[in-house]
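To keep things clear, I will list the structure first and then write my remarks on it.
Here, each number is a calculation from the coordinates, and none is a lab measurement. Bear in mind that the values here come from a model prediction, so they are computed numbers and not experimental data. Counting neighbours? That spans all protein chains shown, and the Cβs are built from the backbone with ideal geometry, glycine included.
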Amino acid sequence: MSDTYDLAPDAGECPAVLDLPLDAWHRARGGRMVEFAGYHMPVQYEGIMAEHLWTRSQAGLFDVSHMGQLILQGADVAAALETLLPGAFQTLAAGKLRYSLLLADDGGILDDLIVTNRGDAFYVVVNGATKHADIAHITARLPAGVTLEHLTGHALLALQGPAAAQALASLDLVAWQDGGPALADLRFMEAGAFRWGNVRLDISRSGYTGEDGFEISVPADAAEALADALIAVPSVKPIGLGARDSLRLEAGLPLYGHDLSPDIDPVEADLGFAIPARRRAEGGFPGAGQIAAAFAQGPARRRVGLLIEGRMAAREGAEIVREGRSVGTVTSGGFAPTLERPIAMGFVETALAQPGTPLSILVRGKTLAATVTSLPFTPPRYVRKGAA
């Protein structure tokens, strides 16, 4: 799941901007704070490139507490979710996660999100910039007997990178209940509840960097102690929003508000995997008819990766051209520290979406040579089922 990175200068004492539970913790560690999604949040500590490369080689600790954490429960809650989202939740086993989409009636994407079956309820993480609209949209469409709780008293931390598992294991967590999974047994898109002292941590092996890692839901009053315990491990450093954005771009992951919006449907966004065969056949979710037609006819445009020649980056809104004709638009772009070159994602006419297709991007009066490439730009390092 993505989030929108439209970073503005710190709003200071503006009462409309809220502080996260770790606000003072970030400032004490040199976090450069910006206003984002209604909160003061750290964009960087040492520098975006250094933090990016540290996460790729060690482990980075991200504060993503601005995101919305929701609990849905009640009679037939899985069936209720299937009327709102195009995923298959009636067959989602306890302890498993699934990526999904909140869709408008015409099939446009209102948000992308992660759903976890906790056994007694479904836990849903939505984007910070859209969470209040999401809550209103979902609540208005829930049947009687199904309730939504917004976990405003919880923080959300993401520990990402090849050293994340070893760092988290150093906390000596145990299953919250007898028979629960051991932390070491979790694989990508699996979750469990764990005891850290007398604190319950709900942990999933997931994230939005392309690296192995975990997302940890923790009561807000225990968040600082948990963050301190994690960065006490030498391989762990606090990482800001800037590196989170460059990491997800290298991983080819779409960012809501940029690569995804109500004007974009799941098929053209190359997210058809989030709509399994049963749901495509049965429908019953918003925009099902329009999306079925898009699958059948093929989209007019597709989201693609772009490798850019030279050192200049192409940013959102840059025009993509072919032989002097406009054929698309960049939706995310920047310099990729791991690849040491500029990259971008954007939408182009389907006929030009084949990897290897040469294109050009217009940036501040200059024409940059670009080539369509398969996503992701860097291979993911998720620890999947069957891995040692």
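Tabulated data
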read-out: Rotationally averaged projected area of region 1-153 (alpha carbon convex hull; nm²); value: 10.8
read-out: Length gained when the stretch Ala121-Thr329 is fully extended (0.36 nm per residue, less Cα-Cα span); value: 70.8 nm
read-out: Exposure proxy ranking, count of Cβ atoms within 10 Å, fewest first, for Ile239, Ile343, Ile138; value: Ile138, Ile343, Ile239
read-out: Hz values of 3J(HN,Hα) by residue in region 294-300 - Karplus curve (6.51, -1.76, 1.60), Gly and Pro given as x; value: 5, 5, 5, 8, x, x, 6
read-out: Trp176, Trp196 arranged by Cβ crowding within 10 Å, fewest neighbours leading; value: Trp176, Trp196
read-out: Span from the region 189-254 Cα centroid across to the region 138-160 one, whole angstrom; value: 19
read-out: Region 300-373, relative contact order [Cα under 8 Å, separation at least 6], %; value: 39
read-out: Distance in nm between pseudo-label sites at Ala220 and Arg195 (7 Å out along the Cβ direction from Cα); value: 2.7
read-out: Kirkwood Rh and Cα Rg combined as Rg over Rh, evaluated for region 26-79; value: 1.20
read-out: In nm, spacing of pseudo-spin labels at Thr371 and Glu349 (7 Å Cα→C-beta vector); value: 2.2
read-out: Stokes-Einstein diffusion coefficient of region 300-373, Kirkwood radius over Cα pairs, 25 °C, 0.890 mPa s, in µm²/s; value: 209
read-out: For region 42-48, 3J(HN,Hα) per residue [Karplus equation, 6.51 cos²θ - 1.76 cosθ + 1.60, θ = phi - 60°, Hz, x = Gly/Pro]; value: x, 8, 6, 10, 8, x, 4
read-out: Segment Asp178-Ala94, length gained on full extension (0.36 nm per residue, minus Cα span); value: 28.7 nm
read-out: Charge dipole (debye, nearest 20) of the chain; +1 at Cβ of Lys and Arg, -1 at Cβ of Asp and Glu; value: 1020
read-out: Peptides ranked, highest mean first, by Cβ atoms within 10 Å: ranges 261-267, 121-127; value: 121-127, 261-267
read-out: The chain, relative contact order [Cα under 8 Å, separation at least 6], %; value: 18
read-out: Förster radius 51 Å - calculated FRET efficiency between Ala300 and Ala232 (Cβ-Cβ, nearest 0.05); value: 0.45
read-out: Total lysine pairs under 29 Å (Cα atoms) in the chain, excluding pairs fewer than 8 apart on one chain; value: 5
read-out: Spacing of the two label points (7 Å from each Cα toward its C-beta) at Ala133 and Gln73, in nm; value: 3.0
